[in-house]
Every structure is written in structure tokens, then in C-alpha cells.
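Undergrad: Sharing a structure, written as C-alpha cells. Questions coming.
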Amino acid sequence: MTATTTAPAAPAGSATLTPLEKIEGALDASVLPTPRPQPEAAPARARDAEGEGVAAQPRPAHQARVSFVGAGPGDPDLLTVRGAAALAEADVLVLDEALTERFRPLARTDVHLIELGLPNAEGIPVVPGHSSCPELVLRAMADAVAAGRHVVRLLDGDPGLFSSLEAEAAVCAKSEVPFEVVPGLARATSVPMFAGIPLSRGSIGDVRLLSAPHPLAGENFTAWSDWHRQLGEAGAGASTLVLQGVGDRIEEVAAELLAAGRPGTTPVAVTVDGSLTSQRTVTGTLDRITAALKAERVSGVGPNTVVVVGAVVEQRAELSWYESKPLFGWRVLVPRTKEQAGALSDQLRRYGAVPTEVPTISVEPPRTPQQMERAVKGLVTGRYEWVAFTSANAVKAVREKFEDYGLDARAFAGIKVAAVGEQTSMALKAFGVVPDLVPAGEQSAAGLLAEFPAFDPAFDPIERVFLPRADIATETLSAGLVELGWEVDDVTAYRTVRAAPPAESIREAIKGGGFDAVLFTSSSTVRNLVGIAGKPHAATVITCIGPATAATAKEHGLRVDVLAPTPSAAALAEALAEFGSARRAAQIAAGDPVTRPSERTRARRRRA
């Protein structure tokens with residue numbers, strides 16, 4: 001076992017007590033010890049006139065500014081490094097309402113948020129992305145900078161293209177408010193690439209970008225006159241066209257281009273939700289694109305939809321890379337908390353899926369803490385030769401107990417550590433402990449027993465193993481260790497109770513076929529998910545981490561479609577991706593449209 005950590009500071013008021021003395025005092029009192037004092041909280045943030053939080057301490061004058069930051073086409077991962085840094089340090093964040101859900105998590109929890117898209121003080125709707133900030137918001141931005149704050153104004157795409165940057169920056173310049181511009185990926189050029197459509201062939205090309213006035217943004221007659229003139233000029237030429245802001249007026253725009261002279265056979269691509277996992281691209285010809293959209297039942301066509309007109313669209317057949325990912329658009333249920341599912345959900349996103357985490361168990365402390373306190377004392381006093389962890393929750397329980405007593409990973413010095421499963425190993429390493437034994441084969445109690453050494457008094461000075469586990473754990477591992485000659489302290493480190501049912505919309509999606517797949521990582525996740533939310537729909541792809549989990553799924557009447565070749569979360573996600581890829585290839589080979597499992601369910605409902 002390797003332990004790496006730094007020594008923690010001694011808690012206030014306990015300098016005369018060693019960790020061992022604190023544990024013994026807790027055991028004598030048969031109560032939990034008083035936790036170490038937490039660090040003093042950061043100063044409360046001041047409140048402005050509307051009651052919103054504002055940074056308590058002003059920044060140096062050279063740091064107080066407005067940063068106009070390009071958000072890119074939609075996916076927060078496409079934010080530039082400089083843009084992400086500005087967002088992370090912002091005191092005030094001004095953004096369109098449509099961007100809040102995706103980009104708010106990248107800012108500080110105490111950032112002062114101003115959303116556009118809701119009615120302003122006069123009750124007039126502010127149209128996101130198409131009109132500059134109302135005067136009241138611009139004044140608030142200037143006041144914040146004067147007070148020493150850093151204001152980030154997040155703009156869709158690239159601020160220098162089809163945005164309100166010019167008007168808003170002009171107000172800053174006139175008011176002598178310092179500002180900077182952080183460019184982003186332009187929607188007009190990046191979304192076609194996500195659709196597999198390079199806008200030029202090699203270094204030669206003729207591309208024209210046009211953005212339509214928004215009907216609610218208050219543009220005057222001149223703006224509309226210029227738009228129709230530009231469409232006429234574009235229709236008469238042969239340039240590749242990229243259109244934004246067209247929304248649901250695609251039929252009208254196509255008619256104008258045809259009337260101006262563009263051939264009806266000109267290829268057209270319409271992409272909605274560009275760069276997101278809900279992206280969808282429909283192709284057709286200029287005279288039939290409206291019919292193609294209706295046939296594909298495309299929803300979500302709006303101001304951010306990007307339309308490409310020209311021969312370059314033909315390259316999509318060969319270069320489509322994003323929407324052809326193995327699980328693209330699949331809605332996958334992960335029966336874990338967001339914290340537990342982090343790496344698994346990230347892997348699913350890389351395959352194009354949209355993971356939804358639903359916790360099926362809640363972890364609580366044991367009803368009586370004395371067993372754990374004695375075990376921790378045993379670790380300090382050299383009672384154990386081995387500690388065997390079978391779950392990340394067990395690692396968390398021991399780590400929290402260590403922290404209560406001012407201990408750290410150095411308490412494991414001289415003790416061998418075993419771990420079952422990838423997540424358990426990762427939790428140990430995050431604690432500063434590198435496990436000595438992880439099964440090479442099956443990640444289970446049986447897999448660990450197959451590789452665990454038998455007790456040998458000639459080599460093992462201590463014959464005892466500490467086994468921190470859940471209250472519902474089976475006796476397989478404990479009994480197996482006893483058979484190998486070890487004495488085992490089988491300690492309840494935590495209790496698992498069934499989690500509260502998820503939201504009604506999630507329950508309906510589970511039972512009604514709204515999810516394309518569900519990943520089961522243990523038998524308990526099968527039992528608990530069925531218990532709190534109901535049995536997944538027959539069309540849902542059932543994926544299990546191992547034979548035991550698959551057997552439990554079958555006991556609950558579920559058809560198991562995918563079984564991970566090795567019992568790890570990474571192998572589980574990869575197995576589902578391979579299933580999705582094979583399914584897609586079969587649909588293409590048969591000449592069928594590529595659909596998701598959940599779309600079969602909706603199709604049956606329409607026929608009914």
C-alpha cells in the first residue's frame with residue numbers, strides 16, 4: 001500500500017489529544033466524538049437593492065471590467081479556455097435565458113445572475129440573442145464595474161458575428177467602462193462542421209453568411225428590406241449560403257431563393273440544436289426541403305437553427321461524424337447519484353448519449369458507531385494485516401471517520417489494502433491510498449477470494465482482516481476469508497436504504513419507453529429501481545455489469561440485451577456503445593432509417 005498526503009492542521013481546542021486518545025474517549029463515552037471544527041466560512045456576500053448577491057470585496061481597478069464572452073454554438077465544452085476562465089471568476093453574469101441551464105454551472109455559486117429573455121422592467125420581452133440589453137441592465141453592468149466587479153456578458157456563438165456586441169460595447173465605450181472581448185466559435189461556421197459539412201473545399205470557396213431579423217426584436221422596415229434584398233442577391237449567385245435566424249420561415253426563404261434563380265435541385269441541410277446531443281440534421285433539395293422536414297417530424301426549429309444551401313451539403317454523406325456516434329441521442333438511465341456516475345456519464349456522453357442519473361439507494365451511517373470506532377482504533381494500533389474494501393461507499397465511510405479524528409492516509413502505513421472494482425480503487429487513490437490487491441478477473445467477492453492469499457504464520461505477523469461493508473452485504477467474502485485462515489472483523493460501515501422515488505416525469509419515461517437504455521451496475525440497482533420507479537419498458541435496452549446482476553434482472557422479468565465482458569463501469573458503457581453501433585449498422589444495411597429504441601415506442605403509439 002502506498003499513502004500520499006500532507007499532515008492536517010491540528011483542530012482548535014484539541015491540541016493535547018492524539019487521534020488515538022480521541023477514539024478511546026469516544027469508545028468510553030459510547031457516543032460519537034465531536035467533529036473537528038470546520039474552517040471559518042467565507043464572508044457573506046453583500047446584497048444589492050434587488051436582494052441579489054454581489055461580491056463583498058471589490059477587485060483591483062485593473063480587474064474590474066466587462067468581458068463580452070462568446071459561448072460558442074451550444075455545448076459548454078466548446079467554450080474557449082479564456083472564456084471559461086472569465087466565466088469562472090465572474091462576479092456578475094449576464095446571459096440569455098436559453099443559455100442559463102448549460103452555462104450557469106461553470107460560474108461561481110455566488111455569482112449575481114441577470115437573465116435576458118424574460119420581460120424587462122417595462123414588461124417588454126427581451127428577445128435572446130437578437131436585441132441588445134435593456135438600458136436598465138446596461139446601467140447595472142456599468143455600476144457593477146464602478147464598484148470593482150468583474151461582469152461577464154455571455155453571448156451566443158461568436159460576439160463579433162450576428163450578436164448585440166456592437167451596441168452593448170458602444171455603451172461601455174461611451175460610459176468609459178473598461179471592457180474586453182473574448183471570441184467564441186461562431187454558430188454559422190461550427191454547426192455545419194458538427195453536421196459533417198465543411199463550408200469550403202480545400203482553400204477555395206465562396207461562402208456568404210446571412211442572419212434574418214427577428215420578428216419580435218423590433219428591427220425596423222429597413223432591416224427587413226435589406227434582408228429580402230440580400231436573399232435575392234444570394235439566390236441569383238452560386239455562393240454557399242449559411243443562414244441563421246430563419247426559424248420556422250424556411251419555406252418562405254426557399255421560395256425567395258428559388259424565385260431569385262437558385263435551381264430547385266440545390267442541396268440544403270437544416271440543423272437544429274447544433275453541437276448538442278439533441279442535434280438533428282435533415283437534408284433535401286431547395287424545392288423539397290420543407291416536405292423533408294415534415295416527413296422527418298423535426299421539432300425545435302428556431303432562431304438558432306442553421307441552414308446551409310449549396311453543393312457542399314453533399315459532403316455530409318461521407319463526413320458525418322457527430323450524429324453517427326454509436327449512441328447518438330440515446331437517452332440512457334444511470335441508476336446512480338451524479339457523484340457516483342461522473343466518469344460513467346462522461347463516457348456515455350462521448351458516445352453521443354444523454355445520461356440521466358437516478359439514485360436508487362441512499363447511504364446513511366450505521367445505527368451504532370462503536371464497531372467502526374473500534375476498527376479505526378485497530379488501524380492505528382496495528383490490529384490488522386489487511387483492509388478489504390468492496391465499494392466506494394465503504395471507502396467514503398472510513399475516510400469520513402478518519403477525518404473526524406484528525407487522521408489521514410498515513411494511518412494505512414504497513415497495512416495491506418484490497419479493493420473490489422474500478423470505482424473503489426479510484427476512491428482509494430483519491431484518498432491517497434494505492435491498493436495492493438485488485439482482482440484481475442471478476443470484480444466481486446468471489447473474484448477477490450480467488451486471488452486473496454491464505455494466512456501464513458511464517459509471513460503474516462497479524463492474522464486479522466478489517467472488512468468495512470454495507471449492512472445488507474452477503475457473508476460470501478467474510479466466510480471465504482475465514483476459510484483462508486484469517487480472522488475477520490466484519491464491520492457495518494454504512495447502511496443502504498432505498499432512495500425516494502424520482503420525479504413523476506422520470507417514472508413515466510421509465511415505464512413508458514422514454515429511455516433508450518438503462519445501465520444496471522449491481523443487483524441492488526435492479527431491485528431498487530424497479531421498487532421506486534417501476535419496471536423499464538420492453539423496448540428499453542437492458543445492460544448489466546455481470547452475470548449476477550443479469551440474473552437479478554431476469555428474475556424481475558427483464559430481457560437482458562447487453563452484458564459487459566468484464567465487470568467494470570467503463571466496460572459496461574463500451575458494451576452498450578458496441579450494441580448501438582451494431583444496431584445502427586444493421587438498420588443502414590437493411591435500408592431502414594436509423595432510429596433509437598424509444599422511437600419504436602412512439603411509432604407504435606402513432607399507429608395505434
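Undergrad: Just add up the charged neighbours of residue 473: K/R +1, D/E -1, any other residue whose Cβ is under 14 Å from the Cβ of residue 473.
TA: Taking every other residue near residue 473 into account, the sum is -2.
Undergrad: Now, a different point. Can you give me the distance in nm between label points at residue 476 and residue 430, each placed 7 Å from the Cα along the Cα-to-Cβ direction?
TA: 2.5
Undergrad: Taking a probe of 1.4 Å, how large is the accessible area per residue of the stretch 188-287, in Å²?
TA: 43
Undergrad: Just grab the label-to-label distance for residue 146 and residue 551, each label 7 Å out from Cα along the Cβ direction, in nm (one decimal).
TA: 7.4
Undergrad: Quick one: net charge of residue 443's neighbours, Cβ under 14 Å, K/R +1, D/E -1?
TA: With Lys, Arg at +1 and Asp, Glu at -1, the neighbours total -3.
Undergrad: Given a 1.4 angstrom probe, I'd like the percentage of the accessible area of the stretch 461-600 that is carbon and sulfur, rounded to a whole number.
TA: 53
Undergrad: Also, quick follow-up: Modelling each spin label as a point 7 Å along the Cα-to-Cβ direction, I'd like the residue 487/residue 294 distance in nm, to one decimal.
TA: In this crude spin-label approximation the distance works out to 8.2 nm.
Undergrad: Return the FRET efficiency for the residue pair residue 285, residue 321: r is the Cβ-Cβ distance, R0 is 30 Å, and the value is rounded to the nearest 0.05.
TA: The pair residue 285/residue 321 has a calculated efficiency of 0.80.
Undergrad: While we're on this one: Using a 1.4 Å probe, what is the accessible area per residue for the stretch 401-481, in Å²?
TA: Solvent-accessible surface per residue comes out at 42 Å².
Undergrad: Let me ask something additional. Any chance you could list the semi-axes, whole Å, largest first, of the equivalent ellipsoid that the Cα gyration tensor gives for the stretch 189-313, using √(5λ)?
TA: 20, 18, 15
Undergrad: Heavy atoms only, 1.4 Å probe, whole protein assembly: order 203, 175 by accessible area, highest first.
TA: 203, 175
Undergrad: Further, regarding this structure: Can you compute the FRET efficiency between residue 201 and residue 176 using 1/(1 + (r/R0)^6), with r the Cβ-Cβ distance and R0 = 45 Å? Round to the nearest 0.05.
TA: After rounding, the FRET efficiency stands at 0.45.
Undergrad: Now for a different question. Take the Cβ-Cβ distance between residue 460 and residue 578 as r, set R0 to 41 Å, and report the resulting FRET efficiency rounded to the nearest 0.05.
TA: 0.40
Undergrad: Using a 1.4 Å probe on the protein chains only, how many percent of the accessible area of the stretch 135-265 belongs to carbon and sulfur?
TA: Exposed carbon and sulfur together represent 57 percent of the surface.
Undergrad: In a shell of Cβ-Cβ distance under 15 Å around residue 64, excluding residue 64 itself, what net charge do Lys and Arg (+1) and Asp and Glu (-1) give?
TA: -1
Undergrad: Compute the length gained on full extension between residue 380 and residue 101: take 0.36 nm times their separation in residues and subtract their Cα-Cα distance, giving the result in nm to one decimal.
TA: 95.8 nm
Undergrad: Run the Debye formula on the Cα coordinates of the stretch 410-564, all scatterers equal and no solvent, and tell me log10 I(q)/I(0) at q = 0.08, 0.14, 0.18 1/Å.
TA: Debye curve over Cα of the stretch 410-564, log10 I(q)/I(0) at q = 0.08, 0.14, 0.18 Å⁻¹: -0.32, -0.83, -1.14.
Undergrad: Also, quick follow-up: Given 325/554; 416/554; 294/325; 377/429; 325/401; 377/554, which pairs have Cα atoms separated by over 32 Å?
TA: 416/554; 325/401; 377/554
Undergrad: Shifting gears a bit: What does the accessible area per residue of the stretch 482-598 come to in Å², with a 1.4 Å probe and no ligands, DNA or RNA counted?
TA: I get 42 Å² per residue for the stretch 482-598.
The values are calculated or read from the model by the stated rules, or taken from the named source; none is laboratory data. The structure displayed is predicted, hence computed values, not measured ones. Counting neighbours? That spans all protein chains shown, and the Cβs are built from the backbone with ideal geometry, glycine included. Remember, those area values only see protein heavy atoms, side chains included, never the ligands or the DNA or RNA. Shrake-Rupley method; radii C 1.70, N 1.55, O 1.52, S 1.80 Å.
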